[in-house]
Amino acid sequence: TTAAAGTALAAARSGHRTLVLSADRTDTLDAVLGGQDTHPGLTARRLAPATHFRDDLLALQERAASALDLLGAERLDGEELTPLPGSGELALLRALRDAAREGAHDTVVVDLPPTPEALAVLALPEQLRRYLRRLLPPERQAARALRPMLGRLAGVPMPAAWLYESAARLEGELAAAQAVIEAPATTVRLVAEPGPAGADALASAATGLALQGLRTDLLIANRVLPDTSADTWLAALSAQQRKTLDEWETAYEPVLTVRHLGHDPRGAADLAALGLPAPAAAPAPVEWPVTEAPADEQDRAYTWHIPLPGAVREQLGLIRRGDELVITAGAFRRIVTLPSALRRCSVAGAGLREGELRVRFTPDPGLWPEGR
């Protein structure tokens, strides 16, 4: 939260109209900023998941009114609704979509939860869109006029129009949020305290971010103690931090060291003292290239290169499912669609080398065009 506030303040002071978002229910962000008047170019906004959840559920209840009346259901009142797990994540995605649509800010900084929860939020639009496509395929909506007749012929009720309309509306909202997350200018800024626990969390985060195709613009080594201290305990802790920092500066780039102020930062002066920079130009997009192995016609093979820094061989899993590949790396999993050429191939093997998962494919004679 402190790093998000410092980043937003630096962006505002560089002349950017800046919005900083937080889903923290305790409003820690406002306390760190020291109030809304930290800088005239900075706007802080705390999300209200309860309000969004209540409005969404009441709207859905209204659209399904005829079906609910047929079932004799008793309507829910807005006063009795409380947010369910997951409502905060959906509110955050909606805020990202709205910020992009408004166009009122040059830079949007989001104070995300710890890495596992943050990655789950960032992966949610892609996952939910996939579920919608499987449960309510868009191509079946073309037969909307035929549904009553099909229902009579099949002897089973067909999905009502409002269900498809709701799915289409949700698909549009999720697509807009996903577009923001995957935009060329969107980056992730990692914050970790140097030490064994921070190093383990960072290695896991690097794998999860790479699997999701997200890019980092900076690693912030937070709350770093001074190198010299007369206190034996502090000197030992500082030496441990320095050892981890040396490893990070070799493995990650760039790394910014933020010193410990001796107290919790509060207000613009403390945030400026941290020396956090505004977001810079985004690094190049993450690529998963497909290469063809130099071989004769009978042994043609292709390799899909998937960068997974920090991945552990024993924690990797691959499952081919139709035109999709299910990739598991530690605690993270993603289902990706195969490139068009690889859909006509069979998986021939896989290996992890130098932080890169290489999946080997060979053409399937039954699917590959003859003579090509």
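Tell me the net charge near PHE361. Cut-off is 12 Å between Cβ atoms, PHE361 excluded, with +1 for each Lys or Arg and -1 for each Asp or Glu.
Numbers: positive: ARG300, ARG320, ARG343, ARG344, ARG358, ARG360; negative: GLU292, ASP364.
Result for the neighbourhood of PHE361: +4.
At q = 0.06, 0.07, 0.10 Å⁻¹ the log10 of I(q)/I(0) for the chain amounts to -0.32, -0.43, -0.83, computed by Debye summation with a single uniform scatterer per C-alpha, solvent ignored.
Counting 0.36 nm for each residue step from TRP233 to ASP106 and taking away their Cα separation leaves a gain of 41.2 nm.
At an R0 of 51 angstrom, the distance between the Cβ atoms of GLU287 and ALA31 translates into a FRET efficiency of 0.80. Summarising the amide proton neighbourhood of ALA301: residues at separation of 5 or more, or on other chains, whose placed amide H is nearer than 5 Å comprise ALA293. On the chain, 55 percent of the accessible area sits on carbon and sulfur atoms, based on a 1.4 Å probe. Between LEU338 and GLU324, LEU325, the built amide H atoms are under 5 Å apart, and every one of these is 5 or more places off in sequence or on another chain. In region 172-231, the alpha-carbon atoms span a convex hull of 100 Å³ per residue. Placing +1 on the Cβ of every Lys and Arg and -1 on the Cβ of every Asp and Glu, with nothing else charged, gives the chain a dipole about its Cα centre of roughly 980 debye. Solvent-accessible surface of region 187-314, averaged per residue with a 1.4 angstrom probe and all protein chains in place: 54 square angstrom.
Could you calculate the contour length gain from ASP200 to LEU57, that is, 0.36 nm times the residue separation minus the distance between their Cα atoms, to one decimal place in nm? Length difference between fully extended and current span is 47.5 nm.
The values are calculated or read from the model by the stated rules, or taken from the named source; none is laboratory data. Just so you know, these numbers come straight off a predicted model, no measurement behind them. In this analysis, Cβ positions are derived from the backbone assuming ideal geometry, glycine residues included, and neighbour counts consider all displayed protein chains. Only protein heavy atoms, including side chains, enter the accessible area calculation; ligands, DNA and RNA are left aside. Shrake-Rupley method; radii C 1.70, N 1.55, O 1.52, S 1.80 Å.
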